[in-house]
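Written out below as structure tokens is the structure these notes cover.
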Amino acid sequence: MKHTRIGLLALVSAAGLALSACGAGTTGAGGGGGDANTVKVGIKFDQPGMGLKKGEEYSGLDVDVAKYIAKELGKTPQFSEAPTPQRETLLKTGQLDYIVGTYSITDKRKQEISFAGPYFIAGQDLLVRADEKAITGPDTLAGKKLCSVKGSTPAQKVKEKYPDVQLQEYDTYSKCVEELVNGTVDALTTDDTILAGYAAQEQYKGKLKLVGKPFSEEKYGVGLKKDDTQMCQKVTDALKKMIDSGEWQKIVDANLGPAGFKPGPGNPPTPAACG
């Protein structure tokens, strides 16, 4: 009898441990690492007007879009930084459930991850010092020092289309802005939405200007784990509701309006069907 009781206790103990282990690793669709009420969201921390972290506060168009999606999913967003060179890895390894961070939809990226969207259409432009007269567009960049971010779509396009440019690549656009202001580089290139946000910052007012001649079309999408069609459909439905309800326009006006930025052709866009 004693041996039987010990055997039963051992079985109960083992079953309890097994259940505990299963529970610890369970993540629902967008479950946030075991917490069914949260969703792990990647944003940019250094893009004023789009994704900015100040203390414990997050602001910007992408942040508001991310919050709207989370609300439609019935989740609370847990924000983490998603640096450009690391975005695909963060999604593929499950460290993030989705990314909303000026993330251009490209065929190359779609080989590694999935996208919902677009939710905004931007254009690549140039940011220069306020007294700059020689740089009036990409065709005037030959021999100039141009800054962009490693692994970004704008940096790749410059390498392909304007080989005479001296391209300087950093990990963040904020570093590029610092180098532009102190004269180390002659111009910064990325999407006009991001550039407008920097130009409108208090510390840069009167020091920087947007050239205002976009030379690409950048379709911003929500980055998702490859082939997660269920999550993609939920996010797509949320984006459509955001646009159709007028909430999209409110978000754009609140975040880009202060910089005097007006969305270009194609806005608001129609999100594509999930593939």
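Here, each number is a calculation from the coordinates, and none is a lab measurement. Only a predicted model underlies this, so the values are computations on that prediction, with no experimental measurement involved. Positions of Cβ are backbone-derived with ideal geometry, glycine not excepted, and every protein chain shown enters the neighbour counts.
Things to note:
- Taking Cα atoms only, the orientation of helix 61-73 departs from the longest principal axis of the chain by about 30 degrees.
- Note on region 102-152: Cα-only Rg and Dmax are 15.1, 42 Å.
- Taking amide H as placed 1.01 Å from N in the peptide plane, GLN124 has its amide H under 5 Å from the amide H of ASP192, PHE215, SER216, GLU217, GLU218, each at least 5 places away in sequence or on another chain.
- For ASP107 and ASN267, a Förster radius of 22 Å and the Cβ-Cβ distance give a FRET efficiency of 0.50, rounded to the nearest 0.05.
- Relative contact order of region 124-210, defined on C-alpha pairs under 8 angstrom at six or more residues apart (%): 41 percent
- Close amide H partners of GLN47, meaning residues 5 or more places away or on another chain with modelled amide H under 5 Å apart, are LEU52, LYS53.
- When both bridge partners sit in region 107-219, DSSP labels roughly 55% of those beta bridges antiparallel.
- Helix 2-25 axis, angle to the chain major axis (alpha carbon atoms, nearest 10°): 20 degrees
- Scaled to the globular estimate 2.2 N^0.38 Å, the Cα spread of region 124-210, given as radius of gyration, is 0.96.
- Here's the picture: a label point sits 7 Å out from the Cα of ASP139 along the beta-carbon direction, and within region 210-251 the residues with their amide nitrogen under 14 Å of it are 213-215.
- 21 Å Cα-Cα threshold exceeded, pairs from LYS157/LYS219; LYS108/LYS240; LYS161/LYS262; LYS67/LYS234: LYS108/LYS240; LYS161/LYS262
- Among beta bridges from DSSP that stay inside the chain, the antiparallel ones total about 60%.
- Computed log₁₀ I(q)/I(0) - Debye formula, equal Cα scatterers, no solvent, the chain, q 0.11, 0.12, 0.16 Å⁻¹: -0.63, -0.73, -1.20
- Sorting 168-181, 87-100 by their mean Cβ neighbour count within 10 Å, with the most densely packed peptide first, gives 87-100, 168-181.
- Cα long-axis angle, helix 229-244 against the chain (0 to 90 degrees, to the nearest 10): 50 degrees
- Most to least packed among 112-119, 251-258 [average Cβ atoms within 10 Å]: 112-119, 251-258
- Sorting the segments 229-236, 137-144, 186-193 by their residues' average number of neighbouring beta-carbon atoms within 10 angstrom, most packed first, yields 186-193, 229-236, 137-144.
- Secondary-structure-derived ellipticity at 222 nm for the chain, considering helices only, amounts to -11000 deg cm²/dmol, per-run term -39500 (n - 2.57) for DSSP H runs with n ≥ 4.
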